[in-house]
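So the structure is just underneath, and the comments pick up after that.
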Amino acid sequence: MGVCTEKWYSGLDYVLELKAEGTIKSTGLSSHNPEVALAAVNTGKIDVLMFSINPCYDLQPASEDVEELWADKSYEKPLVNMDPQRQALYETCQRLGVGITVMKAFGGGDLLKADMSPAGVALTAHQCLHYALTRPAVASVMCGARSIKDLKTSIAYENAAEEERDYAAAFASMPKISWVGHCMYCGHCAPCPKGINVASVTKFLNLCRAQGEIPETVREHYAALPRKAGECVQCGACEKRCPFGVAVMENMKRAEALFGA
């Protein structure tokens, strides 16, 4: 009986081999499941992740059945804040330098219609795009289009005014969904009288808290900020403007203690 000496390897092994040869530049993965995606990203072998992101999907836990992300039963009870595993995925991608390309930003178009959206209110295409693009690690959004008009609407995001992109008021009015106490990086806390970029400081703070340490890349990004958390005078102007009730002043204290400035 002969002995088989053929080398068996996985699809990922083949892709990594092509990358090592210089045939391709990056490795990527597409997934709807944050548990699977997070496990893949944590291997350190993934450069790009294509993932489904929108404000309704972000509330749902991992599931092997993608249909559950949009099932009526998944939205029967009030929902509060982002699923922790999804937040951990985005923050891990940012920390490890894995770029996210977003799919399903409009939920197949359902988020643009009040009678179809699980959120109970209609969002605009610009609001959906801005939500996706303000998540940690997101680099781009793949916009679905049923017509030339849809395509032009998505392209118009590039020149849209901030008030057209703003999703905070719409989110705050959703009947069964609440983001209370959760920073959405929407920018309503600005302007800070001391010039602190509160959303960026909060994002870097959250990245460190999720990791349990200060990753070097995050330390460098924080150091590059022109104004640090330690310059906060605790005036509370930011908290009065926050639609989600975030304890901004406490976050600034924590950031100062963590980063030393």
From the options Pro78, Pro61, Pro34, Pro84, residue that is within 18 Å of Gly107 (Cα to Cα) and open to solvent by 70 Å² or more (accessible area, probe 1.4 Å): Pro61
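Filter the range 37-52 down to residues that are in a loop (DSSP other than H, G, I, E, B) and closer than 10 Å to Leu89 by Cβ, then give me how many there are.
1
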Some residue of the range 84-101 being modelled with pLDDT under 90 and in a loop (DSSP other than H, G, I, E, B): no
Residue ID - farthest from the chain's Cα centre (by Cα), chosen from residues in the range 214-227 that are over 18 Å from His188 (Cα atoms) and part of a loop (DSSP other than H, G, I, E, B): Pro226
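Residues Ile214, Ile196: which one is touching a Cys at 6+ places or on another chain (Cβ under 8 Å), hydrophobic (A, V, I, L, M, F, W, C) and open to solvent by less than 20 Å² (accessible area, probe 1.4 Å)?
Only one candidate qualifies: Ile196.
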Count - residues of the range 55-113 that are closer than 20 Å to Ser30 by Cβ and of a type in the set (Lys, Arg): 2
Matching residues in the range 119-152 - criterion: being part of a helix (DSSP H, G or I) and either open to solvent by 20 Å² or more (accessible area, probe 1.4 Å) or farther than 25 Å from Lys176 by Cα (or both): His126, Gln127, His130, Leu133, Ile148, Lys149, Asp150, Leu151, Lys152
Pick from the range 228-260, criterion among the β-branched types (Val, Ile, Thr) and not in a helix (DSSP H, G or I), ranking: nearest to Pro136 (Cα to Cα): Val246
Extreme residue, nearest to the chain's Cα centre (by Cα), among residues of the range 90-102 that are touching a residue at least 60 places away in the same chain (Cβ under 8 Å) and buried (at least 18 other Cβ atoms within 10 Å of the Cβ): Glu91
Residue count for the range 217-238, restricted to those that are in contact with a helix residue (DSSP H, G or I) (Cβ under 6 Å, 6 or more places away or on another chain), surrounded by 14 or more Cβ atoms within 10 Å (Cβ to Cβ) and farther than 15 Å from Glu91 by Cβ: 4
Residue match in the range 153-176 (condition: closer than 29 Å to Gln60 by Cα, touching a residue at least 60 places away in the same chain (Cβ under 8 Å), of a type in the set (Ser, Thr, Tyr) and open to solvent by less than 30 Å² (accessible area, probe 1.4 Å)): yes
Some residue of the range 104-118 being farther than 30 Å from Val233 by Cβ, among the basic types (Lys, Arg) and open to solvent by 30 Å² or more (accessible area, probe 1.4 Å): yes
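The values are calculated or read from the model by the stated rules, or taken from the named source; none is laboratory data. Bear in mind the structure is a predicted one, so any value in this text is a computation, not a measurement. Because the Cβ atoms are built from the backbone with ideal geometry, glycine has one as well, and the counts that use them run over all protein chains shown. Heads up: the accessible areas ignore ligands, DNA and RNA and are worked out on the full protein's heavy atoms, side chains in. Shrake-Rupley method; radii C 1.70, N 1.55, O 1.52, S 1.80 Å.
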